[in-house]
1. Considering every residue within the range 441-459, establish whether at least one is under 25 Å from MET382 (Cβ atoms), part of a helix (DSSP H, G or I) and in contact with a strand residue (DSSP E or B) (Cβ under 6 Å, 6 or more places away or on another chain).
2. Restrict the check to the range 399-415 and report whether at least one residue is closer than 30 Å to ALA491 by Cβ and of a type in the set (A, V, I, L, M).
3. Please find, among ALA469, ALA447, ALA498, the residue that is touching a residue at least 24 places away in the same chain (Cβ under 8 Å), aliphatic (A, V, I, L, M) and surrounded by fewer than 24 Cβ atoms within 10 Å (Cβ to Cβ).
4. Scan the range 338-357 and tell me whether some residue there is within 16 Å of the ligand (Cβ to nearest atom) and surrounded by fewer than 20 Cβ atoms within 10 Å (Cβ to Cβ).
5. Looking only at the range 376-383, decide whether some residue is touching a residue at least 12 places away in the same chain (Cβ under 8 Å), buried (at least 17 other Cβ atoms within 10 Å of the Cβ), more than 16 Å from the ligand (Cβ to nearest atom) and under 20 Å from MET132 (Cα atoms).
6. Could you please let me know if ARG558 is crowded, with 17+ Cβ neighbours inside 10 Å and under 30 Å from ASP74 (Cα atoms)?
7. So, of the residues in the range 270-288 that are open to solvent by less than 20 Å² (accessible area, probe 1.4 Å) and more than 13 Å from the ligand (Cβ to nearest atom), which turns out to be farthest from ASN234 (Cα to Cα)?
Amino acid sequence: MPIHSRNILRRALNLTSALVRPSFAVLCVAPLCLAPHLPAAAQTAVELPTVVVRPAIPSTTVSGLADGPFTPADTATISGAQAQGATLSTSDSGSLISRIPGGAAWGAGGVSSLPAVNGMGADRVQVSINGMLFGLACPNEMNPPMSFVNPAMIASARVYMGTAPVSVGGDYTGAKVDVVVAPAQFTPGQALTTHGSVSGFYRSNGEGYGVDANVTVSNEDTSVTYTGGWARANDYTAGDGTTIKSTMYETQNHALSISKKVQEQLFTFQIGGQFIPSEGYVNQYMDLVENKSIFGNARYEGLFDWGKLEATVFANRVRHTMGFIEPDKDGDMPMDTRSTDLGYALKGTFGVSAHDIVRLGNELYYNNLDDWWPPVDGSMMMGPDTFININNGQRLRLGTFGEWERHIDDKWTAVFGLRNDIVWMNTGDVQGYNDMMYGQNAALFNAQDHARTDFNVDASAILRYEANASSLYELGLARKTRSPNFYERYAWSTNAMAMSMIGWFGDGNGYVGNLDLVPEAAHTVSFTATWHDPAKKVWELRVSPYYSYVLDYIDADRCALSTCPNLPGNLTTTNNFVYLQFANHDAWLYGVNMDGKLALWDDITYGQGAFRGSLNFVQGQRTDGVNLYHMMPLNGVVAIDHTLGHWSSSLELQLVSSKTLVSQVRNELETSAYALLNFRTSYELDMVKVDFGVDNIFDTNYDLPLGGANLVNYQVTSMMGSSAAWGYPVAGVGRSFNTRVTVKF
Ligand SMILES: [Cu+2]
């Protein structure tokens, strides 16, 4: 290997692992921005008031070795400081995705939003936390991966868009989110030093409060970090004073990380867990009444003469129970799941010449799921047997890729990659609560073969042209494949109640699986242009249009099976909840994301002021004319950020247009346009920082475009006594005064 490349390799390991504590200024050494690798609390000194997206910084040297995969220009990074700043307003890590270009969040429980990027949401966005993947552990996806970290625990999150290199991952069609928690942090010398922070917060709306803490004990080759937090809130109130029922929550997450550096090798071992004793769901019929998890992962990074080797192994166990949380929902109907995740990932990065990097990798991911509903005492309909929804569901994926990154000259870079993922799925036989109501469905399902094997091929090609120090253009082409999840394939009952228990869409509809589903394959072309002043201090503009054609997009059709409920009305109803079956349909999505900033003034007396703005547009439709579900309407942000001495402040106007293109098969609800004004300020002196903010200053009443249906506040009398009224979206949070105090040590 050329000496030049070797030096870059050395620098890479030193930079990513041997951070020195006192210099917490954002270190940007092209193409690295090191701030994201610092623990969240360590970054408060450089905290920006809100999430600002940092585009990839181009480099004219062989760069990929330094910072893992090639970082396309449309990649978004949420730094630890930004994640911690968001804690003032939210305890929901998934909602942070709504702050990046093209990002949005599907409403769910208070700490369980499902991320969506460029119109692709839920399972289409793959989330890894320190390399760990979390499989499905609930038919409503109440415990999505990002619910296993509190925002303040996030040291960095990087969001790769739809044309990202294949080395980033497989089995997703929308985006990949890489979250880093408690990374290694070394300090000079042999003596152990201790530092960390404790913070507490209070939000007036919903009376939310909680604590976040982290502490690191480290020296030059050893680092031990604990990070964790606890948060709880009551139901929130909308702008018109309505208490939005079933939106309370309580959660705690913890992680302990131990890292050891031995010459040019870094070993990290991490354990952690979660406990959620209660989380209400206004857009589901059930609530989460207990979620417990425990996880462990080990990571190795080493530099060799030939390049870099990275290895990860991990295991998770999740135990989840649903029921009803009084007084908003009552009754007795336990539903249980138990899920295990096991996996490894191996990646070799080879510096084959001064111009070429080759990456080869292999990963295995296994998810096992049991989903069962114990009988309800004294219920004819829900007894006497246990309802088995998924019986020993197994999903095994073996992924292999090769990628070539060529630095053609000072201006041109190309990345080509090819990837294969083989997905094996199977599940055992099932039964209902009783033979009379469920026997026919169960017998039909049990008579069929459940084993499925998908052979998925992904590819990605990226061509970057860095015209000069202030402009960059990048073209991306990719095919990304996702195999169906357990419920899309194996949910088996067409009983109305059972169907209503399945679906992470929050739409109040019922779903049944489809054994004939095939994987969906997104073919995406994207183009990104970034312009900025050469020093990137005065202005920056990024424009990123994209188009995806998705073969066999996994959507749903009205359930027409002879055993489906409410036939034939179910096929034509336009103003009520309906019953659906998962189905493949070709579909397209297109859109454009824009973001930028502009320094307005820089003055000793008045500090620094900057304008920040973003605009996101997406549309999606099946080729048969049915609109795709949960397409975020046109939206944007305009903001002024200001710093002066120890003060930093931000005034932000969030604008969202009306949602009128809605999914006809799901009777998706339209929502109106709205604007929200938010303010926040913080004052930091020595080891203490005080944050204060007001969200939704004018107490505007508005409906969440991706919040689904409010199934709790609005009821109609029915056979069951009362049931959810159709036609009511979920209103967003009204005005809230938020404050947080952080003490560092
Ligand atoms: Cu659940």
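The values are calculated or read from the model by the stated rules, or taken from the named source; none is laboratory data. All values derive from a computational prediction rather than experimental measurement. Every residue, glycine among them, receives a Cβ derived from its backbone with ideal geometry; neighbour counts consider all protein chains shown. Side chains are part of the model used for accessible areas, which takes the heavy atoms of the whole protein and leaves out ligands, DNA and RNA. Shrake-Rupley method; radii C 1.70, N 1.55, O 1.52, S 1.80 Å.
1. There is at least one residue in the range 441-459 that is under 25 Å from MET382 (Cβ atoms), part of a helix (DSSP H, G or I) and in contact with a strand residue (DSSP E or B) (Cβ under 6 Å, 6 or more places away or on another chain).
2. Checking the range 399-415: not a single residue is closer than 30 Å to ALA491 by Cβ and of a type in the set (A, V, I, L, M).
3. Going through ALA469, ALA447, ALA498 in turn, the sole match is ALA469.
4. Scanning the range 338-357, I find at least one residue that is within 16 Å of the ligand (Cβ to nearest atom) and surrounded by fewer than 20 Cβ atoms within 10 Å (Cβ to Cβ), so the answer is yes.
5. no
6. Answer is no for this residue.
7. Looking at the filtered set, the residue picked out is GLN270.
Okay, residues lined up against (1) farther than 30 Å from PHE737 by Cβ; (2) surrounded by fewer than 17 Cβ atoms within 10 Å (Cβ to Cβ):
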position: PHE611; (1), (2): no, yes
position: GLY620; (1), (2): yes, no
position: ASP624; (1), (2): yes, yes
position: ASN627; (1), (2): yes, no
position: HIS630; (1), (2): yes, no
position: ALA639; (1), (2): no, no
position: THR660; (1), (2): yes, yes
position: ARG666; (1), (2): yes, no
